[in-house]
Amino acid sequence: MEHRWPIAISAGLLAALWCGIADVFSLVTWVGFLGCSTFFAQKETGAKGLLMTWMTNLSGVFWAWLIITGGSQFDSAFVGYALTGLVTMGMCLQASYRGLAFIPGTFIGCCATFALGPNILALTSALMLGGLLGLSMSQFTGYLIRLESVLMTALQTNTLPKTDLQEGALQKKA
C-alpha cells in the first residue's frame, strides 16, 4: 500500500482527537466511527463523499425509525417482519437516486439506530461528525502525502524549497 505512513499518522491522530471530543461532549464514539467508515467505503471523495455519507446514514436512521414506530403499533410479530421486509426493499430502491446510491451507508445508519435506541439526536450528531472525521482524515492524509513528497525531493536534491513565508522572513531580516 502506497503512503501507508501518512494514512496511519492521519488516522491515528484524528481518531484519538475524535475520542477526546466524543468524551467531552458525551457523543457515542463508535457511532462516529461508523460515519467515518461510511465515508471511506463509498466511492465519492471530498464534499460529495461527505454528502453521500450523510444522506445514506441519515436515511438509514429514518428507515429504522419507520420500522420501530410502525412495528410498535401492532401486537403481531408478523407485522414487524413484513414491515422490515418492505422497508428493506425501500432502502435498496432508494439507491436509484444518485445521492442515496450507497446502500451499505443506509444499512449502517439503520443498524446504528437499532443498536443505540431512541436517542436520535445523539445518534445523528455522532454519525454526521463521523462523516466529517472521514473527510478530515482524507484531507489530512493528502496534506501529509504532499509534505512527504516535498521532503523526499529535498532530501534527494539536498535543497529545501523556499516558501513564501521563508522568503518574507528573509526580506524582513535584511
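From the list Gly46, Gly32, the lone residue that is of a type in the set (Gly, Ala, Ser), farther than 14 Å from Gly130 by Cβ and in contact (Cβ under 8 Å) with a residue 12 or more places away in the chain is Gly46. Filtered by the rule that a residue be out of contact with any helix residue (DSSP H, G or I) (no Cβ under 7 Å at 6 or more places or on another chain) and surrounded by 16 or more Cβ atoms within 10 Å (Cβ to Cβ), segment 133-155 gives a lone residue, Ser138. State whether the residues of segment 72-83 include one that is in contact with a Leu (Cβ under 6 Å, 6 or more places away or on another chain) and not charged (D, E, K, R). Checked against the condition, which is being in contact with a Leu (Cβ under 6 Å, 6 or more places away or on another chain) and not charged (D, E, K, R), segment 72-83 yields no hits at all.
Just to be sure I understand the filter: pairs with C-beta atoms under 7 Å, separated by 6 or more residues or on different chains, first member in segment 1-28 and farther than 24 Å from Leu147 by Cβ, second member open to solvent by 100 Å² or more (accessible area, probe 1.4 Å). Which pairs pass? Going by the 7 Å Cβ cut-off, there are no qualifying pairs. Picking from residues in segment 41-82 that are hydroxyl-bearing (Ser, Thr, Tyr), open to solvent by less than 60 Å² (accessible area, probe 1.4 Å) and part of a helix (DSSP H, G or I), the one that is modelled with the lowest pLDDT is Thr69.
Ile7 fulfils the conditions (1) within 28 Å of Gly142 (Cα to Cα); (2) β-branched (Val, Ile, Thr); (3) loosely packed, with under 15 Cβ neighbours inside 10 Å except for a single criterion, (3).
Would you check which residues across segment 116-132 are surrounded by fewer than 24 Cβ atoms within 10 Å (Cβ to Cβ) and modelled with pLDDT of 95 or more and list them? Listed by number, the residues that qualify are Thr124, Ser125, Met128, Leu129, Leu132.
Against the list (1) without any contact (Cβ under 8 Å) to a residue 12 or more places away in the chain; (2) in contact with a helix residue (DSSP H, G or I) (Cβ under 8 Å, 6 or more places away or on another chain), the condition Tyr97 fails is (2).
Checked against the criterion of being in a helix (DSSP H, G or I) and open to solvent by 80 Å² or more (accessible area, probe 1.4 Å), segment 95-105 has at least one qualifying residue.
The values are calculated or read from the model by the stated rules, or taken from the named source; none is laboratory data. Everything numeric in this text was worked out from a predicted model, so none of it was measured. Every residue, glycine among them, receives a Cβ derived from its backbone with ideal geometry; neighbour counts consider all protein chains shown. These area figures cover heavy atoms from the full protein model, side chains too; ligands, DNA and RNA do not enter into them. Shrake-Rupley method; radii C 1.70, N 1.55, O 1.52, S 1.80 Å.
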